[in-house]
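Below you'll find the structure, written out as structure tokens, and then a few comments.
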Amino acid sequence: MGNSVIVRRLGLLAVLALCVVLLALVPYLPSYYVRVADSILIYIILAVGLNLVVGYAGLLDLGFIAFYAVGAYAYALLASGQFDIHLPFIVVLFIGAAAGAIAGVLLGFPVLKLRGDYLAIVTLSFGEIIRIAINNADELTNGPQGIAGLDRASLFGLPLTSPVHFYWLLLVLTVIVCAGVYYMERSILGKAWRALREDQDVVRGLGINTTTLKLLAFALSAAIGGAGGVIFGAFQRFVSPESFTFQESLLVVLIIIIGGVGNIVGVIAGAVVLVILPEILHFAAQYRLLIYGVVLVTVIVLRPGGLVSPRFNLGFIIRKVRTLWLSPSKT
Amino acid sequence: MFDYFLQQLIFALAIGAIYGLIALGYTMVYGVMRLINFAHGEFFMLGPYIYTFLFSGLLGLGGLAPVLDSAIAIVASFVIVGLLGVAIERFAYRPLRAYGRLAPMLSALGMSIVLQSAVRVTVGPQPVHFPAIVESTPIDALGGMVTTVQLGILAAAVLLMVGLALFVNGTRLGIWIRAASESWTTSSLLGIRVNRAVSLVFFIGPGLGAMAGIMYASYYGIMQPTMGSVIGLKAFTAAILGGIGSIPGAMLGGFLLGAIEVFGTAFLPILSFGYIGTEYRDVFAFAVLILVLLFKPAGLLGETVSEETTVAKKDY
Amino acid sequence: MALALENVSKHFGSLVAIRNLSLSFDVGSIYSIIGPNGAGKSTVVNMIAGSYSVTSGTIRLGATALNRLPKHRIAQLGVSRTYQNLRLFDGMTVLENLEVCFFPQSWLTFLTGAKRLSKAERLDICHACLAEFHLSDVADVLAGDLPYGRQKILELARAFVTQAPIVLLDEPAAGLNHTETKDMAAMIAGLKREDRAIILVEHDMDMVMSISDRIDVLNYGELLCSGTPDLVRTNERVQEAYLGTTEELDDIRKLAQSRRAQGGLRANAGIVRH
Ligand SMILES: Nc1ncnc2c1ncn2[C@@H]1O[C@H](COP(=O)(O)OP(=O)(O)OP(=O)(O)O)[C@@H](O)[C@H]1O
Ligand SMILES: [Mg+2]
């Protein structure tokens, strides 16, 4: 008995250590791999944010990338030569999140009374409107040329210039966002969202203002999208409407579905798969997209509930670790 | 001014008819499956490609008058694209029925990628010439300029719509489709083979989409693998505008969207003193959609879904 | 606190579901609304709860007119309900189904100074409620996985957990077997309290007759008669129109039975998905 506990604890330690070591080793890989890792982390943040709306509250938002665009352009306008405004990165990060949230509420107010698929198409239209508006507001955004030469970001005096720097920043932010969302999921707010997903009329019958509930989900997820956009802007140091097409919104939704709706672990898995897959498929040149599509349909048809089972979630992992560590005899 | 208006009107009707035909596919599929078939725009794109392939093949064989070749190719494209639709439903959507609304929708997205890239891989990404079906000759009508192609599109689209209306309202199969859209469970309890109704919808919808594609390509004289994306989105907008699930709604929505777009873009720069230009054409369509939904959340002809109706449905 | 319907009518297009109905309910009693199928009983419940709009007339809770308020406001004022067909949150646990009821009604509590329950207090109340309704053993089971009878009880618990002064129960015994119905009747009778009005819509006559303080009989949307169980049982008009001949009484019995059978069917209906 005693021996097996020690073995299991060691095993657990080994798994945790392996994760940490792997994450710590990424910066020593060639720059290309670090960039891919950065990209994965950004998509994890976006998908976890969107998951609040799609996975928890059950509202299909197909225009999420608009909030990402709002954040990216916030950085482009407030930290570049465009208007010769040069705010520090951290300030813009908060402005971007706030701008995203405001855009979310502005969109949410009129459309949240729409049901299901109508919401999907209206958010989709909203995303397109934002993109086309950016494309055409030449005086403000330079239109299709985009804005180049954004400021080099720095955080608390540390420079944020190489992919490795961003890797660390994104890693920290990913952990913060995941932890925050996990906490929210378990709070009464998260429960109300899940109830909303199941039966909106009954939720109202319990004395809950469903509009506020939906707006909250919308605003929070839009804030995360906005913050993600600011980082994207600072990372690329160039923004153009090209980066914010409908396809990008879809990619984020796909990440959520492929991974497993409403499950943070699933979202992480989905982001890893869907960001790496096109990279691997580079060898296939022109057939790349075709293979990508075939793989996508096959995965959905074979595992409609997502790659990660809903039971294998963050809560499950935390419980497992905790019981194994604190009271191993129970397991 | 008047002839300009007339010209724009004919243009609006032609493009509206095309939107309407595509919107029918969205709306019928949504009616029976509650699924946004994101792959539908690709059927629109496949139409002209398959037509061209068949037409040049038949022409190469010789022996028939080109008009006949063309007619055969048109009918065959309808059937082929329709069968493709049936197959896709069978293998990519049907297994997902028990898994809510998201999974089938994403499968549809995946199918859209597959179809589009398959065409791109086989014929290349660049736009190619589409052989004219009708010689485009301008006709002087009421002082405005109208082309034979525009009139042809309008006539063909109206014919197809009337045909569909007769089929859906007057035949046994059509009634199956309507019953299945009304209530899946009740229909199956009444012995309607709902799966057949679904297959039928997935034959007709994509077939009509392909016809719309052929019309569109003959209007502009070219086709390219990405042509289905934006048009598909707009046609879907038209379906929502008219009230998704409603067949007359889709037709109305199509014509309305065509009119809004054409007149909006034509007159907006004048009305806004040149400040808002034609580049906002796409924004315009979406903005109108949002406005309509705000005041009529179910679309123009859609069935309103309020709590009163859902409560009663859950009770019985 | 008293709930009053004043000259309330409800039209669905040309169908008049409720015509000039006036009723009042006070805390401290159990009221039953009975009537044949389609009489308008559920419509009354839905109008009070705010699910249906009122065509004309007023519904008042104390001095507040309810029928102009949004539905969640009505619930916040103390009207809770069950549904004729189960509407639980199937994907959530039994405990969570109750917990949701304690979602803060306003995010401005720190401004208004209203008291907000802590998580521990919330859980205490919910666990106490589960114990009261004999559901403690299934606290962590998904609501959708419970047997039908216990789902009905859970829905009952959800209506009572917030101690709402007005509780509307739409056919709590539908689909239950004989013993379960008896238990349900005893349970509801035990829930009668000085500060609570229970309004019960039910087809099971034994249950209605045994636990009600007043019975209102609806027929084609109109009030046929209203009074104590004994009065209703002996009332001529009711006898004529509803309980009158033994033949018809049998019919009602049969109806109640077929309802039970139907309820059983409905419980499984969720499996048929598309
Ligand atoms: N949302 C609605 N739309 C149209 N008609 C409705 C609606 N809700 C109820 N009705 C009609 O109003 C009448 C009263 O219905 P109600 O549901 O109140 O009956 P009930 O007394 O509860 O009957 P049951 O015992 O069958 O539950 C019925 O004729 C019903 O068809
Ligand atoms: Mg009823």
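Summary table below
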| item | result |
| --- | --- |
| DSSP bridge pairs, the protein assembly as shown: antiparallel proportion in percent, nearest 5 | 70 percent |
| For the stretch B:2-315: accessible area per residue (Å², 1.4 Å) | 41 Å² |
| Gyration tensor (alpha-carbon) shape descriptor, the protein assembly as shown, a/c threshold 1.5 | oblate |
| Cα centre as origin, Lys/Arg/Asp/Glu Cβ charges: the stretch C:89-163 dipole, Debye | 320 debye |
| Other protein chain Cβ atoms within 10 Å, averaged over every residue that makes up B:56-65 | 0 |
| Acute angle (nearest 10 degrees) that the helix C:178-190 long axis makes with the longest principal axis of chain C, alpha-carbon atoms | 70 degrees |
| Exposure ranking of B:Val201, B:Val123 by accessible area [1.4 Å probe, largest first] | B:Val123, B:Val201 |
| Percent accessible area from carbon and sulfur atoms, the protein assembly as shown, protein chains only, probe 1.4 Å | 65 percent |
| Of A:Ala98, A:Ala76, A:Ala285, the one that fluctuates the most in a GNM where chain A has Cα springs shorter than 10 Å | A:Ala285 |
| Among A:Leu13, A:Leu52, A:Leu160: highest mean-square fluctuation, GNM of chain A, C-alpha pairs under 10 Å | A:Leu13 |
| Gyration tensor verdict on the stretch C:89-163 (Cα atoms; rounded if a/c is under 1.5, prolate if a/b is larger than b/c, oblate otherwise) | prolate |
| Rounded to whole Hz, the Karplus (6.51, -1.76, 1.60) HN-Hα couplings of the stretch C:123-130, x for glycine and proline | 5, 4, 4, 5, 5, 4, 5, 4 |
| Efficiency of FRET from Cβ geometry, A:Val105 and B:Thr148, R₀ 51 Å, rounded to 0.05 | 0.45 |
| Accessible area (Å², per residue) of chain C, counting only protein heavy atoms and a probe of 1.4 Å | 45 Å² |
| Number of Lys pairs (Cα under 21 Å; 8 or more positions apart or on different chains) in chain A | 4 |
| Mean ellipticity per residue at 222 nm, deg cm²/dmol - from DSSP H runs of n ≥ 4 across chain B, formula -39500 (n - 2.57) | -25000 deg cm²/dmol |
| Cβ-derived FRET efficiency at R0 45 Å, B:Arg90 paired with A:Ile176, nearest 0.05 | 0.50 |
| Backbone HN-Hα couplings from phi across the stretch C:65-71 [Karplus 6.51/-1.76/1.60, Hz, Gly and Pro as x] | 7, 7, 6, 9, 8, x, 4 |
| Point-to-point label distance, C:His178-A:Ile276, nm (Cα→Cβ direction, 7 Å offset) | 6.4 nm |
| Built amide H within the under 5 Å cut-off of B:Met145, gap 5+ | B:Gln7 |
| Total accessible area lost when C and B pair, probe 1.4 Å, Å² to nearest 100 | 1200 Å² |
| Dipole of chain A [Lys/Arg +1, Asp/Glu -1 at C-beta], most positive-end residue of A:Val5, A:Ser187, A:Ala47 | A:Val5 |
| Cβ-based net charge around B:Gly249, under 14 Å, with every Lys or Arg adding one and every Asp or Glu removing one | +1 |
| Cα Rg, Dmax, the stretch A:177-331, angstrom units | 19.0, 57 |
| Using alpha-carbon coordinates, inclination of helix C:148-160 to the longest axis of chain C, degrees | 70 degrees |
| Choice from A:Ile121, A:Ile280, A:Ile40 with maximal GNM fluctuation in chain A (Cα, 10 Å cutoff) | A:Ile280 |
| Value of relative contact order over chain A, rounded to a whole percent, pairs C-alpha under 8 Å and six or more apart | 29 percent |
| Dipole in debye (nearest 20) - the stretch A:32-243, about Cα centre, beta carbon charges: Lys, Arg +1; Asp, Glu -1 | 500 debye |
| Chain C: angle of helix C:246-269 to the longest principal axis, Cα-based, in degrees nearest 10 | 30 degrees |
| Within 10 Å of each Cβ in A:52-60, the average number of Cβ atoms from other chains | 1 |
| Lys, Arg +1 and Asp, Glu -1 on Cβ, resulting dipole of chain C about Cα centre, debye, nearest 20 | 920 debye |
| Heavy-atom accessible surface that B and A bury in contact, both chains counted, 1.4 Å, Å² to 100 | 3700 Å² |
| ³J(HN,Hα), Karplus 6.51/-1.76/1.60, whole Hz, each residue of the stretch A:59-69, x for Gly, Pro | 9, 7, 10, 9, x, 4, 5, 4, 5, 4, 4 |
| Residue-averaged beta-carbon neighbours from other chains (10 angstrom radius) around C:100-106 | 6 |
| Solvent exposure ordering (accessible area, 1.4 Å, most first) of A:Leu326, B:Leu46 | A:Leu326, B:Leu46 |
| Among A:Leu93, B:Gln150, C:Gly149 the positive-end extreme of the charge dipole of the protein assembly as shown (Cβ point charges) | C:Gly149 |
| Of the DSSP H helices in chain B, those whose Cα atoms cover at least 27 Å axially and whose Kyte score averages 0.0 or more | B:2-33, B:40-61, B:66-88, B:102-123, B:148-170, B:194-220, B:247-271 |
| Cα-based reach from C:Lys254 at 18 Å (exclusive), listing aspartates and glutamates while leaving out same-chain residues under 8 positions away | C:Glu171, C:Glu180, C:Glu202, C:Asp204, C:Asp206 |
| Ordering of A:220-233, B:69-82 by packing [mean C-beta count within 10 Å, highest first] | A:220-233, B:69-82 |
| With all protein chains modelled, accessible area of C:Arg196 [1.4 Å, Å²] | 10 Å² |
| Sites A:Tyr28 and B:Tyr220 - FRET efficiency at Förster radius 41 Å, r taken between beta-carbons, to 0.05 | 0.15 |
| Accessible-area ranking of B:Phe286, A:Phe238, A:Phe109, largest first, probe 1.4 Å | A:Phe109, A:Phe238, B:Phe286 |
| Stretchable slack from C:Ser24 to C:Asp195, in nm (0.36 nm times residue separation minus alpha-carbon distance) | 60.0 nm |
| Cα shape, the stretch A:67-152, gyration tensor, a/c 1.5 rule | oblate |
| Packing-based order for C:160-170, C:175-185, using average beta carbon neighbours within 10 Å, highest first | C:160-170, C:175-185 |
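The values are calculated or read from the model by the stated rules, or taken from the named source; none is laboratory data. None of the values given here were measured: they were computed from a predicted structure. When we count neighbours, we look across all protein chains shown, and the Cβ atoms used for this are built from the backbone with ideal geometry, even at glycine. For accessibility, only protein heavy atoms count, side chains too; no ligands or nucleic acids. Shrake-Rupley method; radii C 1.70, N 1.55, O 1.52, S 1.80 Å.
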